[in-house]
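The values are calculated or read from the model by the stated rules, or taken from the named source; none is laboratory data. Note that the structure is a prediction, hence the values are computed from the model and not measured. Positions of Cβ are generated from backbone atoms using ideal geometry, with glycine treated the same way; all protein chains shown enter the neighbour counts. Accessible surface is based on the protein model in full, side chains and every heavy atom, while ligands, DNA and RNA are left aside. Shrake-Rupley method; radii C 1.70, N 1.55, O 1.52, S 1.80 Å.
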Amino acid sequence: NPNAPPAAHIVDANGQDVTANVVGGTLGGLLTVRNTVLPSLQGDSQQAGALNQIAKQVADRVNQLLATGLDSAGNAGTPLFTYDASSGANTARSLAINPNITPATLAALDPGPPQVANGIALTLSNLGNSTAAGDTINGKSILDFLNAQTQVIGQQVANATSGQTVAQQSVTQAQALRTQQSGVSLDGEAIAVMDLQRGYQAVSKMITVIDG
């Protein structure tokens, strides 16, 4: 996909790419979101992304249905949506309403036979739930595909929250262990100072006796 959002990289002071070495902490989490989570939704050079898949399927299918219908004057329908087809990762952001369409050119009449006055509109109203091969994304209806993506994002958020909790608990345990190993007892230090003082006094007396 040309002109897709690039991946983020981290380089050291010498300009060497060290992104692969950043696997944890806040920075590692940000890289995962930037280079994995977001591309799965908005696309990158290697994938279209779920949002672009949904936008393309809806736009293409609506335009196809309208093209098969007739407007009030009996003319072929006009496409409702336009988008930039040069890159699969640019569909959603470039999706727009065709500026040339008008209520009069909106095809609602199913050419049949039999002709149904609102046949196209009825088909469009069920597009989100349709499981017809031409209406689905990866074998799922449009709404089911959208719900699946929502569940994936929800699970990723839950996993990240759980990981943060475990990491924080590990830090707390490490800090407690460090305090336990290197902690200073004021009582013990006071006794040590008193012992040192007594030793100094004994040495002083010994020096006085020798001098005498």
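Search the structure for amide H atoms under 5 Å from the amide H of Ala107, placed 1.01 Å from N in the peptide plane, and list their residues when 5 or more places away or on another chain.
Close amide H contacts, sequence-distant or interchain: Thr78.
Using only alpha carbon pairs under 8 Å that are at least six residues apart, calculate the relative contact order of segment 48-151 and give it in whole percent.
It comes to 26 percent, rounded to a whole number.
Residues of the chain: accessible area per residue at 1.4 Å, in Å²?
Spelled out: the 1.4 Å probe surface of the chain, per residue, equals 67 Å².
Could you work out [θ]222 nm for the chain from helices alone, using -39500 (n - 2.57) per DSSP H run of at least four and dividing by all its residues? Round to the nearest 500 deg cm²/dmol.
-17000 deg cm²/dmol
Of the candidates Ile142, Ile54, Ile97, which one comes out as most mobile in a Gaussian network treatment of the chain with C-alpha springs shorter than 10 Å?
Ile97
Pick out which of Gln151, Gln180, Gln57 has the largest mean-square fluctuation in a Gaussian network model of the chain, springs linking Cα atoms closer than 10 Å.
Fluctuation is largest for Gln180.
Please compute the contact order of the chain in relative form: average sequence separation of alpha-carbon pairs under 8 Å and at least six residues apart, divided by the residue count, as a percent.
Worked out over the chain, it gives 13 percent.
Specify the residue with the greatest mean-square fluctuation among Gly15, Gly119, Gly88, computed from a Gaussian network of the chain linking alpha-carbon atoms under 10 Å apart.
Gly15
Report the label-to-label distance for Asp12 and Gln164 in nanometres (one decimal), using points 7 Å from each Cα along the Cα→Cβ vector.
Label-label distance for Asp12 and Gln164, simple model: 3.0 nm.
Just subtract the alpha-carbon distance of Gln151 and Ala174 from 0.36 nm times their residue separation and send over the number in nm, one decimal.
Taking Gln151 through Ala174 to full extension adds about 4.8 nm, to one decimal.
Going toward the positive end of the dipole of the chain, with +1 on Lys and Arg Cβ and -1 on Asp and Glu Cβ, which of Leu41, Asn63, Ser170 do you reach last?
Ser170
Accessible area of the chain with a 1.4 Å probe: how many percent of it is carbon plus sulfur?
59 percent
I'd like the Karplus ³J(HN,Hα) series for segment 38-55: coefficients 6.51, -1.76, 1.60, θ = phi - 60°, whole numbers in Hz, and an x wherever there's a Gly or Pro.
Computed from phi, the couplings for segment 38-55 are 4, x, 5, 9, 9, x, 8, 5, 9, 8, 6, x, 4, 5, 5, 4, 5, 4 Hz.
Of Gln16, Ala190, Pro103, whose Cα points farthest to the positive end of the dipole of the chain (charges on the beta-carbon: +1 Lys, Arg; -1 Asp, Glu; origin at the Cα centre)?
Ala190
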